[in-house]
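Notes to accompany the following structure.
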Amino acid sequence: MDRLKLAPSTLLRHQDAMNRPPLHAPNAADWLSQIEVRLTGETREVVAIAYLDAAEELIGLRVSGDGTAQQVQLPLRDILRDVLDHEAQSLVLAHNHPSGDPLPSATDQAATQALCAMLRPIGVQIADHIIVSGDKRISFRDLGLL
(Lines give C-alpha, C1' and ligand atoms only; values in the text may rest on other atoms or scores of the structure.)
Protein backbone atom coordinates (compact mmCIF):
# COMPACT_ATOMS: atom_id res chain seq x y z
CA MET A 1 0.00 0.00 0.00
CA ASP A 2 1.46 3.30 -1.10
CA ARG A 3 -0.98 5.71 0.53
CA LEU A 4 -2.70 5.96 3.88
CA LYS A 5 -5.87 7.93 4.46
CA LEU A 6 -6.21 10.80 6.94
CA ALA A 7 -9.73 11.70 8.04
CA PRO A 8 -11.38 14.16 10.45
CA SER A 9 -13.23 13.15 13.59
CA THR A 10 -14.15 14.31 17.06
CA LEU A 11 -12.06 11.65 18.78
CA LEU A 12 -10.10 13.82 21.24
CA ARG A 13 -10.83 16.94 23.24
CA HIS A 14 -7.74 18.71 24.52
CA GLN A 15 -8.25 22.48 24.63
CA ASP A 16 -4.70 23.21 25.78
CA ALA A 17 -3.29 21.87 22.51
CA MET A 18 -5.36 24.17 20.27
CA ASN A 19 -3.83 27.31 18.81
CA ARG A 20 -0.35 26.65 20.21
CA PRO A 21 2.71 26.64 17.99
CA PRO A 22 3.64 23.01 17.30
CA LEU A 23 7.40 23.44 17.45
CA HIS A 24 9.46 25.61 19.71
CA ALA A 25 12.44 26.16 17.40
CA PRO A 26 13.02 29.88 16.73
CA ASN A 27 12.74 29.45 12.95
CA ALA A 28 9.58 27.27 12.99
CA ALA A 29 7.30 30.29 12.55
CA ASP A 30 8.89 31.03 9.16
CA TRP A 31 7.95 27.77 7.50
CA LEU A 32 4.86 27.08 9.60
CA SER A 33 3.19 30.11 8.03
CA GLN A 34 3.97 28.71 4.55
CA ILE A 35 2.17 25.50 5.48
CA GLU A 36 -0.84 27.27 6.94
CA VAL A 37 -1.24 29.47 3.85
CA ARG A 38 -1.43 26.37 1.66
CA LEU A 39 -3.96 24.59 3.90
CA THR A 40 -6.27 27.35 5.13
CA GLY A 41 -9.45 27.92 3.15
CA GLU A 42 -9.24 24.69 1.15
CA THR A 43 -12.57 22.93 0.64
CA ARG A 44 -10.84 19.57 0.19
CA GLU A 45 -8.29 18.01 2.49
CA VAL A 46 -4.72 18.84 1.55
CA VAL A 47 -1.53 17.44 3.08
CA ALA A 48 1.76 19.32 3.39
CA ILE A 49 5.08 17.79 4.35
CA ALA A 50 7.89 20.09 5.50
CA TYR A 51 11.36 18.51 5.35
CA LEU A 52 13.76 19.85 7.97
CA ASP A 53 17.50 19.76 8.52
CA ALA A 54 19.18 19.19 11.89
CA ALA A 55 18.51 22.83 12.91
CA GLU A 56 14.78 22.43 12.04
CA GLU A 57 15.18 24.74 9.06
CA LEU A 58 13.02 24.10 6.01
CA ILE A 59 14.89 22.34 3.20
CA GLY A 60 11.89 21.13 1.19
CA LEU A 61 8.11 21.26 1.07
CA ARG A 62 5.59 18.96 -0.65
CA VAL A 63 1.89 19.82 -0.91
CA SER A 64 -0.51 17.14 -2.11
CA GLY A 65 -4.11 18.05 -2.77
CA ASP A 66 -5.64 14.83 -4.02
CA GLY A 67 -8.07 14.57 -1.12
CA THR A 68 -11.80 14.90 -0.71
CA ALA A 69 -13.79 16.92 1.81
CA GLN A 70 -13.41 14.00 4.24
CA GLN A 71 -9.91 12.57 3.68
CA VAL A 72 -6.58 12.95 1.93
CA GLN A 73 -4.10 10.40 0.66
CA LEU A 74 -0.69 10.32 2.33
CA PRO A 75 1.90 9.71 -0.44
CA LEU A 76 4.29 7.39 1.43
CA ARG A 77 6.63 6.65 -1.51
CA ASP A 78 6.94 10.34 -2.34
CA ILE A 79 7.67 11.18 1.29
CA LEU A 80 10.41 8.54 1.50
CA ARG A 81 11.91 9.71 -1.79
CA ASP A 82 11.86 13.35 -0.61
CA VAL A 83 13.46 12.47 2.74
CA LEU A 84 16.33 10.75 0.94
CA ASP A 85 16.70 13.42 -1.77
CA HIS A 86 16.76 16.29 0.75
CA GLU A 87 18.74 14.33 3.35
CA ALA A 88 16.12 15.46 5.85
CA GLN A 89 16.68 14.84 9.54
CA SER A 90 13.01 15.26 10.44
CA LEU A 91 9.72 16.32 8.95
CA VAL A 92 6.49 17.97 9.90
CA LEU A 93 3.31 16.50 8.51
CA ALA A 94 0.32 18.83 8.26
CA HIS A 95 -3.15 18.59 6.82
CA ASN A 96 -6.39 20.51 7.01
CA HIS A 97 -9.88 19.59 8.16
CA PRO A 98 -12.37 21.62 6.10
CA SER A 99 -15.09 20.48 8.52
CA GLY A 100 -13.93 23.01 11.11
CA ASP A 101 -12.99 20.34 13.66
CA PRO A 102 -9.20 20.19 14.12
CA LEU A 103 -9.20 17.13 16.36
CA PRO A 104 -7.34 14.07 15.04
CA SER A 105 -9.23 10.92 14.18
CA ALA A 106 -8.11 7.36 14.80
CA THR A 107 -7.25 7.21 11.09
CA ASP A 108 -5.08 10.33 11.39
CA GLN A 109 -3.27 8.75 14.33
CA ALA A 110 -2.79 5.40 12.57
CA ALA A 111 -1.41 7.07 9.43
CA THR A 112 1.02 9.11 11.53
CA GLN A 113 2.23 6.02 13.39
CA ALA A 114 2.67 4.13 10.10
CA LEU A 115 4.77 6.98 8.74
CA CYS A 116 6.86 7.01 11.95
CA ALA A 117 7.43 3.26 11.57
CA MET A 118 8.48 3.69 7.93
CA LEU A 119 10.99 6.45 8.76
CA ARG A 120 12.40 5.03 12.02
CA PRO A 121 14.86 2.57 10.37
CA ILE A 122 16.54 5.40 8.48
CA GLY A 123 16.81 7.64 11.54
CA VAL A 124 14.25 10.25 10.51
CA GLN A 125 11.61 11.39 12.98
CA ILE A 126 8.31 13.21 12.64
CA ALA A 127 8.80 16.43 14.59
CA ASP A 128 5.06 17.08 14.58
CA HIS A 129 1.78 16.47 12.80
CA ILE A 130 -0.38 19.56 12.64
CA ILE A 131 -4.06 19.71 11.76
CA VAL A 132 -5.29 23.11 10.59
CA SER A 133 -9.00 23.89 10.61
CA GLY A 134 -10.13 27.47 10.14
CA ASP A 135 -8.27 29.57 12.68
CA LYS A 136 -7.48 26.56 14.90
CA ARG A 137 -4.63 24.12 14.82
CA ILE A 138 -3.81 20.97 16.76
CA SER A 139 -0.33 19.60 17.37
CA PHE A 140 0.10 15.85 17.76
CA ARG A 141 3.25 16.58 19.76
CA ASP A 142 1.31 18.73 22.24
CA LEU A 143 -1.41 16.07 22.49
CA GLY A 144 1.22 13.46 23.38
CA LEU A 145 0.53 11.46 20.20
CA LEU A 146 4.17 11.55 19.03
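When the residues of the stretch 39-70 are filtered to those that are surrounded by 14 or more Cβ atoms within 10 Å (Cβ to Cβ) and modelled with pLDDT under 80, the one that is farthest from VAL124 (Cα to Cα) is GLN70. Select from the stretch 99-116 the residues that are of a type outside the set (Ser, Thr, Tyr) and farther than 21 Å from LEU61 by Cα and list them in ascending order. Once the filter is applied, which keeps residues that are of a type outside the set (Ser, Thr, Tyr) and farther than 21 Å from LEU61 by Cα, the stretch 99-116 yields GLY100, ASP101, PRO102, LEU103, PRO104, ALA106, GLN109, ALA110.
Exactly one residue out of ALA88, ALA94 is closer than 19 Å to GLU42 by Cβ, crowded, with 20+ Cβ neighbours inside 10 Å, small (Gly, Ala, Ser) and without any contact (Cβ under 8 Å) to a residue 60 or more places away in the chain: that is ALA94.
Checking the stretch 124-135 against the condition returns a match, with at least one residue being surrounded by fewer than 17 Cβ atoms within 10 Å (Cβ to Cβ) and assigned to a loop (DSSP other than H, G, I, E, B).
Considering only residues that are at pLDDT below 90, more than 19 Å from TRP31 (Cβ to Cβ) and in a helix (DSSP H, G or I), which ones fall in the stretch 71-107? Correct list: LEU76, ARG77, ALA106, THR107. Kindly indicate whether any position in the stretch 80-94 is in contact with a Pro (Cβ under 9 Å, 6 or more places away or on another chain) and within 26 Å of ASP135 (Cα to Cα). Yes, the conditions are met somewhere in the stretch 80-94.
The values are calculated or read from the model by the stated rules, or taken from the named source; none is laboratory data. Bear in mind the structure is a predicted one, so any value in this text is a computation, not a measurement. So basically every Cβ, Gly included, is an ideal-geometry build from the backbone, and we count neighbours across all protein chains shown.
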